[in-house]
Amino acid sequence: MATTIVSFTSLANFMGQQKAIFKLRTIPPWVIGVVFAWVIIIHAIFYFILQSQVRDRESVLTTLVRQDLEMVNYELMARTVNDLENIKLIRCSSIVLKSNPPQVVLNHSFKDGCSPWPLLLTGTNSKVEYKAINGSLFDISFVFRPDSIFYVAVYSLQFFGGLLIILLHGVQQRKLNFKLQTLEIENNKTMEVFNVTKQVAHDIRSPLAALDMALKDDASLPESKRLIVRTATNRIHEIANELLQKNKSTISKNEVDSKEDESVMQKILLSSVAESIVAEKRMQYRARQGILIQSNLSENSYGIFVSIHTREFRRIISNLINNSVEAFTGGIGNITVGIKRAEAEKMVCIEVTDNGKGMPSHIVAKLGERGVSFGKESSAGSGSGLGVFHAKSSVEKWGGKFAIESKENQGTTVKIYLPEAQLPISFVPKIKLSVGQKVVVLDDDQSIHQIWNGRFDSAKTHESNVEIVHFAAIADCEKWMERDRANLYLIDFEFLGNKESGFDFIVRKNLQKQTVLVTSRYEEPELQAKCESAGIGLVPKGLAAYVPIVIESPASTTSAKVAERLDAILIDDDLLVQMIWEAKAADKKLKVKIYSDPSEVDFSKIAHDCPIYIDSNLKDGVKGEGIAAKLHSEGFSRLYLATGYEKEHFAHLTFLKGVIGKEPPW
């Protein structure tokens with residue numbers, strides 16, 4: 001129920017100055033009584049008109065916020081009340097969520113004129129309590145003040161203005177009805193768009209699921225086309241998630257795809273994501289032959305990881321490329337996406353450079369501010385997250401920096417600086433080979449064989465007697481393995497016309513320790529988890545041309561062979577644990593070396609069969625299981641975690657020989 005708060009005043013204040021009251025005393029009492037009666041009657045009439053208008057506005061308010069309450073959308077509720085203020089139907093509004101403590105959603109009650117005198121018809125207060133669909137209670141308060149004509153009519157035409165005011169009230173009521181109809185139409189349009197958006201997002205899911213299943217089962221589709229289809233379906237997934245995300249206040253949490261939550265940071269291989277964006281934009285602008293979009297990657301840009309919101313980052317880079325395309329005169333120009341380590345900034349730098357028309361310096365200085373874009377001194381923010389302001393805000397939220405450099409008639413460079421993240425366990429930062437070793441490349445894509453040959457030629461493997469053997473089919477490789485073996489296998493994940501994946505072949509042949517899975521599906525979290533669990537290294541196929549290859553010299557190989565034999569190695573930064581292991585090793589007359597940090601250990605001089613015990617939690621957030629996985633990929637076979645955690649916590653790390661407590665195993 002609405003509660004109207006009335007403030008009373010004295011009759012002397014209502015009549016005016018004391019001088020005017022004195023003059024009234026000279027008039028016959030019955031005339032004063034008639035005038036007084038008229039004043040009371042007129043005021044009573046307009047007082048009830050005032051209250052009627054307040055009730056009308058309360059009814060309007062109830063109608064407009066009902067849909068907002070059903071969606072439990074505080075922002076829309078505040079916008080609705082603010083719209084009523086903008087069209088001057090109400091003033092001094094406020095919205096308070098009746099929680100403990102109360103939460104203020106909107107507060108305009110501090111403005112002038114927010115304490116009216118209802119008896120003098122200067123306005124009146126109103127407070128309405130509403131209950132949302134989730135049970136939340138809201139108090140919406142406002143002040144209604146009549147138009148100035150209302151006061152002129154009441155105080156200047158006390159005896160003759162009643163009829164005129166009633167007519168004006170009718171006109172005002174018609175205007176109110178018209179404005180209400182306009183607001184209702186706009187509100188209905190908004191709800192219609194919301195319903196269509198939600199329905200489209202849901203309808204997309206079923207055909208996408210079918211397409212994903214067909215893509216996984218169809219082994220006859222060439223990999224280049226599979227990559228195009230997979231990229232397209234992932235993009236549609238992102239669009240569907242984005243549609244639902246924009247309306248997340250009105251849908252259940254499980255309706256949003258769990259692949260990526262906007263509130264969760266993801267660790268990504270920067271060069272891999274950049275390469276996929278460039279490939280997607282090339283496809284988008286392939287009809288415009290004058291536009292060249294390329295990536296500038298090298299060995300230095302390989303293996304750089306950052307923690308960001310992947311979908312938002314892709315959107316930012318994609319939008320920057322679109323901006324560059326729009327900057328080309330005559331539709332001709334070059335765009336380059338580059339990645340490098342910015343040593344001075346101690347960060348990673350992503351650059352999007354074009355040779356377009358550039359921008360004036362006074363525009364560049366303002367870019368990144370809300371509502372500023374090239375060619376416009378002021379523009380309303382789109383709210384879509386695609387503007388420079390939103391890009392700058394997102395990058396800064398990730399702990400980075402956003403900068404723009406531009407010269408007129410020369411072009412523009414946008415630089416995004418981000419903190420570098422640690423390498424994931426399954427990622428292979430470089431390929432290590434020794435003199436005289438043998439490498440097998442198993443892939444049904446002939447172009448990847450040419451790329452690997454180029455990489456091995458650059459590493460001068462022929463000078464180290466490293467033999468490279470190529471296979472296009474699993475069956476041919478398996479037949480060769482009956483009589484020979486390799487030291488390293490570079491294997492694709494998908495094979496044309498073959499149901500067995502490269503991952504399954506590796507596990508079946510027990511090649512986990514000697515294999516790197518080279519695949520275009522690197523970014524799939526499920527595949528990364530499987531490889532991490534099995535101890536298989538991963539390399540994105542699109543970045544095979546940039547993988548560093550290191551050939552160990554004969555001297556280092558010899559030193560490893562003649563290295564001192566140890567009974568065990570412990571890596572733990574707890575001094576008490578170190579003392580206990582030292583004492584126990586001395587009692588048992590064992591050769592045990594103890595280290596606080598993995599960086600202190602020269603693993604090139606450690607035998608691969610030496611037992612290595614590693615704590616799970618090392619200093620600076622380093623995880624022992626991550627160190628163990630890297631050592632496993634380098635050929636170390638007796639790896640243990642010496643930790644206080646339960647064994648079940650590490651059950652997925654099948655390459656571990658065991659999980660023990662903090663006590664020495666002897």
**Item:** Calculated FRET efficiency for the pair Lys88/Lys619, C-beta based, R₀ 60 Å, to 0.05
**Value:** 0.40
**Message:** Report the Cα centroid-to-centroid distance between the stretch 443-490 and the stretch 606-644 in angstrom, as an integer.
**Reply:** 30 Å
**Prompt:** Put a dot 7 Å past each Cα toward the Cβ at Asn188 and Arg485; how far apart are the dots in nm?
**Reply:** 7.7 nm
**Request:** At 0.36 nm per residue, minus the direct Cα-Cα distance, what do His608 and Ala279 gain on full extension? Give it in nm, one decimal, please.
**Result:** 114.3 nm
**Prompt:** Say each of Lys430 and Ser59 gets a label point 7 Å from the Cα, pointing the same way as Cα to Cβ; how far apart are those two points in nm?
**Reply:** 8.0 nm
**Prompt:** Given a Förster distance of 25 angstrom, what is the FRET efficiency for Leu566 paired with Ala586, based on the Cβ-Cβ distance and rounded to 0.05?
**Reply:** 0.95
**Message:** Taking 30 Å as R0, compute the FRET efficiency from the Cβ-Cβ separation of Glu634 and Gln450 and round it to 0.05.
**Reply:** 0.60
**Item:** In nm, spacing of pseudo-spin labels at Tyr645 and Asp597 (7 Å Cα→C-beta vector)
**Value:** 2.2 nm
**Complete:** Burial-style ranking of 569-577, 477-485, average other-beta-carbon count within 10 Å with highest first, yields 569-577, 477-485
**Prompt:** Rounded if a/c is under 1.5, else prolate if a/b beats b/c, else oblate: with a ≥ b ≥ c from the C-alpha gyration tensor eigenvalues square-rooted, which is the stretch 556-666?
**Reply:** oblate
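Each value in this text was obtained by applying a stated rule to the coordinates, not by laboratory testing. No experiment lies behind these values; they were computed from the predicted model shown. Here Cβ is always computed from backbone atoms with ideal geometry, including for glycine, and neighbour counts include all displayed protein chains.
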